[in-house]
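Notes for the one structure printed next.
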Amino acid sequence: MAWFRRRREPQRAAGRPLDRADLEYLAEFVRTRRGVEAFIEPRTSVTETTVLLVAHDGEWTRRRTETPEIARRWAHQLSVPIYDVALLGYPQRMRDYNERQKRRPAQES
């Protein structure tokens, strides 16, 4: 019986490639902030692999990346330290920054 067999399309092994605008945005973030570190966030059932950049004050940004290896190569080209968030977790300064942003008055946004 073929009731339980479903024809599935092969899943893509990698996520969406970083486009030039994403790379320029990330490079600009690195150039305009001090102490930037990169963190690779693993692919989940909801999101693709992402690279998270965190500055010295906790300000952060993220963009999708095709593979962790591409993110590592990109970080090494810009001399940015890169870590695996699954091993180290998120930096405390990022959590502190998010908390400060929540407490800011709405008028300052």
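The values are calculated or read from the model by the stated rules, or taken from the named source; none is laboratory data. What you are looking at is a predicted structure, and each value in this text was computed from that prediction instead of being measured. In this analysis, Cβ positions are derived from the backbone assuming ideal geometry, glycine residues included, and neighbour counts consider all displayed protein chains.
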Filtering the range 60-109 down to residues that are under 22 Å from GLU48 (Cα atoms), free of Cβ contacts under 8 Å to residues at least 24 places away in the same chain and assigned to a helix (DSSP H, G or I) yields GLU69, ARG73, HIS76, LEU87
I'd like the full set of residues that are within 16 Å of TYR90 (Cα to Cα), modelled with pLDDT of 95 or more and out of contact with any helix residue (DSSP H, G or I) (no Cβ under 6 Å at 6 or more places or on another chain), limited to the range 27-49.
GLY35, GLU37
Quick one: is PRO91 at pLDDT 90 or above and surrounded by fewer than 14 Cβ atoms within 10 Å (Cβ to Cβ)?
no
Here's a check for you: in the range 8-26, which residue that is over 24 Å from ARG93 (Cβ atoms) and in a helix (DSSP H, G or I) is modelled with the lowest pLDDT?
ARG20
If a residue has to be touching a Leu at 6+ places or on another chain (Cβ under 9 Å) and farther than 15 Å from TYR83 by Cα to count, how many in the range 16-58 make the cut?
7
